[in-house]
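Below: the structure, in structure tokens.
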Amino acid sequence: MFDPELEQAVALCKSDEPIPLKKSQQYERLKLFANRQRLATESPEQAFTRFITKTPEGQVLYKTFTQTKGASFAPAPEPDADASGGPSEGYKGLQGVAEKLRAADPTMTKQQATAAALRTPEGARFALQDRKARLG
């Protein structure tokens, strides 16, 4: 099976040039190449294992991957983050409503106060605003 992108990646790994990809990006590429060669009877995990252990190309790429420093996975975005990377205005507003409810009833946990805030009209509007900010 001819895959020019795979051949190019292997050639780069075999050269003396520095690899321009982070470790997490290398991992994603390994998964991509393994999935391209995946058999109909294989799970993605089985295909990945076969690719890095049985194919010469996969072995070269995996060796480079293991020698690269850094995190194997890119950090997941915060669930309450908007496009700017911080908490959205809706999330801040919802937390404000929850704090007011918690001040009125100090026995509430933060989670209970947030759940109660979601049941108020103001909290529901803030939750919708937060959802729109995160999902577009």
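The values are calculated or read from the model by the stated rules, or taken from the named source; none is laboratory data. What you see is a predicted model; the values in this text were computed from it and never measured. Methodologically, a virtual Cβ is constructed for each residue, glycine included, from the backbone with ideal geometry; neighbour enumeration extends over all protein chains shown.
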Residues located in segment 18-44, provided they are more than 21 Å from the chain's Cα centre (by Cα) and surrounded by 15 or more Cβ atoms within 10 Å (Cβ to Cβ): I19, Q37, R38, E42
Conditions (1) out of contact with any helix residue (DSSP H, G or I) (no Cβ under 9 Å at 6 or more places or on another chain); (2) of a type in the set (V, I, T); (3) under 19 Å from S72 (Cβ atoms); number of the one not met by I19: (1)
Failed criterion for A74 (all others in (1) in a helix (DSSP H, G or I); (2) modelled with pLDDT under 90 hold): (1)
Selection count where residues are farther than 17 Å from G86 by Cα and assigned to a helix (DSSP H, G or I), scope segment 100-127: 19
Flag if A47 is aliphatic (A, V, I, L, M), over 19 Å from the mean Cα position of the chain (by Cα), modelled with pLDDT under 90 and outside the structural domain of L128 (by TED's automatic domain parsing): no
